[in-house]
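Every number here is computed from the coordinates shown, using simple stated rules; none is lab data. If you're wondering where the values come from, they're calculated on a predicted model, not measured in any experiment. Cβ atoms come from the backbone with ideal geometry, glycine included; neighbour counts cover every protein chain shown.
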Amino acid sequence: MPLFKHVKLTTPESVELEFTLAGIGSRALALLIDYHLLGVGLVGFWILWIIFANRLMTYLSRLEINYSQVPLWLLAIGLLISFIVYSGYFVYFEVVWQGQTPGKRFAKIRVIQDDGKPVGLSQAALRALLRPIDDILFIGVFFIFFGQQEKRIGDWVAGTLVIQEARPQLKKTLSISETAQQLAAQLPETTDLTQLLPDDFAVISEYLHRRAAMTRPARRELSLKLAREIRAIINLEEIPPELDSDQFLEAVYVAYQQQFPTY
């Protein structure tokens, strides 16, 4: 029995990717780190909030007004701010860090959508808002442990998965044309490869490795579609006319690997 579960996803470009699910241990480690960071931040907030509340009450006591309800309002506002910080922490990092929080980055896991794309604001917000429900009586742990896709309630509602950061293993070495290699050397100077997400690179890689098994019409259609999308992502005005779409994708593949050797 494998230690980690695997899941196969089909991207909008009709490319099948295989990912390894994070596992309950990695998720628990990530959550422990995130909660420690959140705890430090919230303790600091409440210290400042109590100081502010005491000074406000001292000021109001000098005035001839009824301020008996003020402490309750201050408590309610403090709790509301705490919840915003709690939820905002996960929303901010998962959106800005493409599915990762400091804890997830340390544990080398991240959140993706069910179609393999990075999470957006709506998915991150749903996961964060439902997290307290998952934490009550460890309901989320129950769903993760017994679910085939290891989803907690927030994942089911948001349509997300938590996977290991490791990329799919390549099965064979690609044959790259000389024209593509020449363009690959120029791309870092003429484009912004940092806009290309790991998932985008994975789609390019899967296509290049599986194109030989495709029919010619399907291969041409998918190649053109991918090339147009990648060109827009990396801010390239136009694909050099001497290159076909396959050669362009090969060039991006090589340039990305050279700039980010991890992949």
Quiz item: For segment 37-159, rounded, prolate or oblate, judged on the Cα gyration tensor with a ≥ b ≥ c (square roots of eigenvalues), a/c < 1.5 rounded, else prolate if a/b > b/c?
Solution: prolate
Quiz item: Once the convex hull of the C-alpha atoms of the chain is built, how many Å³ does it hold per residue, rounded to a whole number?
Solution: 171 Å³
Quiz item: Hey, in the GNM for the chain with a 10 angstrom Cα cutoff, which one of Leu72, Leu226, Leu129 fluctuates hardest?
Solution: Leu72
Quiz item: When only C-alpha pairs under 8 Å and at least 6 residues apart count, what is the relative contact order of segment 6-164, in percent?
Solution: 28 percent
Quiz item: GNM, the chain, Cα, under 10 Å: largest mean-square fluctuation among Asp115, Asp155, Asp192?
Solution: Asp192
Quiz item: Rounded if a/c is under 1.5, else prolate if a/b is larger than b/c, else oblate: which is segment 190-263, with a ≥ b ≥ c the root eigenvalues of its Cα gyration tensor?
Solution: oblate
Practice problem: Name the shape class, rounded, prolate or oblate, that the alpha-carbon gyration tensor gives for segment 112-213, where a ≥ b ≥ c are the square roots of its eigenvalues, rounded holds for a/c under 1.5, and otherwise prolate holds if a/b is larger than b/c and oblate otherwise. | Solution: prolate
Quiz item: About its Cα centre, what dipole magnitude does the chain give when the only charges are +1 on Lys and Arg Cβ and -1 on Asp and Glu Cβ, stated in debye to the nearest 20?
Solution: 800 debye
Quiz item: By how many degrees, between 0 and 90 and to the nearest 10, does the Cα long axis of helix 121-135 differ from the longest principal axis of the chain?
Solution: 50 degrees
Self-check item: Folded to 0 to 90 degrees: helix 216-233 orientation relative to the chain principal axis, Cα
Solution: 50 degrees
Exercise. Scan segment 225-263 for GluC sites (Glu not before Pro) in coil per DSSP, keeping those whose Cβ has at most 10 other Cβ atoms within 10 Å, and list them by number.
Key: Glu237, Glu238, Glu242
